[in-house]
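Visitor: Sending over a structure as structure tokens; questions will come in a sec.
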Amino acid sequence: IHPLFLLAVLKPNTHLIVSGDAPAVIAKGGFSGLFPDSSDPAYSFAASNQDSAQWCDVRLTKDGVGICLPDIKMDNCTTISDLFPKGKKTYRVNGVSMTGWFSVDYNSIDLTNVIVSANAACSSNVLS
């Protein structure tokens, strides 16, 4: 277990708002301060706080399933290129040519073993 995770679990909340209540947590990508953005652990930890709200960047798959992913190019923040090495495509996105791996090229079942990673492009492990 990550030392910061233990600190967050074991240390009582000493940062109260003006009313004396604990602050609400609004978690974009889950609790991405401790875990990779949009990963299962990030969402699970954020959901464990009863006063949290969550939102994510939704990407659609070929079969219309929404997945939470912090970047439109899946190869910037997942292991997609390892699992589908020939999946690279080029699309025009908002008038800009982008090359990489995109969620619209895969059914949700295809993405079962894709892992979300924390790296330079998605610095914030299974898709949520």
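The values are calculated or read from the model by the stated rules, or taken from the named source; none is laboratory data. The model shown is predicted, which means the values in this text are computed figures rather than measured ones. Positions of Cβ are backbone-derived with ideal geometry, glycine not excepted, and every protein chain shown enters the neighbour counts. All accessible areas refer to the heavy atoms of the entire protein, side chains included, with ligands and DNA or RNA removed. Shrake-Rupley method; radii C 1.70, N 1.55, O 1.52, S 1.80 Å.
Visitor: Any chance the range 77-97 includes a residue that's surrounded by 18 or more Cβ atoms within 10 Å (Cβ to Cβ), closer than 30 Å to Asp21 by Cα, at pLDDT below 90 and not polar (S, T, N, Q)?
Guide: no
Visitor: Something else about it: For residues that are at pLDDT below 50 and polar (S, T, N, Q), scanning just the range 107-128, find the one that is nearest to Asp37 (Cα to Cα). If you could, list the steps in order and put the result at the bottom.
Guide: Here is the first cut: in the range 107-128, the residues at pLDDT below 50 are 120-128.
Filter once more, keeping what is polar (S, T, N, Q): 123-125, 128.
Details: Ser123: 7, Ser124: 5, Asn125: 9, Ser128: 10 Å.
Here the answer is Ser124.
Visitor: Tally time: how many residues in the range 23-60 are aliphatic (A, V, I, L, M), part of a strand (DSSP E or B) and either at pLDDT below 75 or farther than 26 Å from Trp101 by Cβ (or both)? Walk me through it before giving the result.
Guide: Here is the first cut: in the range 23-60, the ones aliphatic (A, V, I, L, M) are 24-27, 34, 42, 46-47, 53, 58, 60.
Now narrow it down to the ones that are part of a strand (DSSP E or B): 25-27, 53, 58, 60.
Adding the requirement that they be either at pLDDT below 75 or farther than 26 Å from Trp101 by Cβ (or both) leaves 25-27, 53.
Residues meeting the conditions: 4.
Visitor: Here's something else I'd like to know. Which of the residues spanning the range 98-120 are open to solvent by 40 Å² or more (accessible area, probe 1.4 Å), in contact with a strand residue (DSSP E or B) (Cβ under 9 Å, 6 or more places away or on another chain) and of a type outside the set (Ser, Thr, Tyr)? Spell out how you get there, then give the answer.
Guide: We begin by selecting, within the range 98-120, every residue open to solvent by 40 Å² or more (accessible area, probe 1.4 Å); these are 98-99, 104, 107, 109-110, 112-113, 115, 118-120.
Restricting the remaining residues to those that are in contact with a strand residue (DSSP E or B) (Cβ under 9 Å, 6 or more places away or on another chain) gives 98-99, 104, 112-113, 115, 118.
Met98, Val104, Asn113, Ile115, Ala118 - these are the residues of the range 98-120 that are open to solvent by 40 Å² or more (accessible area, probe 1.4 Å), in contact with a strand residue (DSSP E or B) (Cβ under 9 Å, 6 or more places away or on another chain) and of a type outside the set (Ser, Thr, Tyr).
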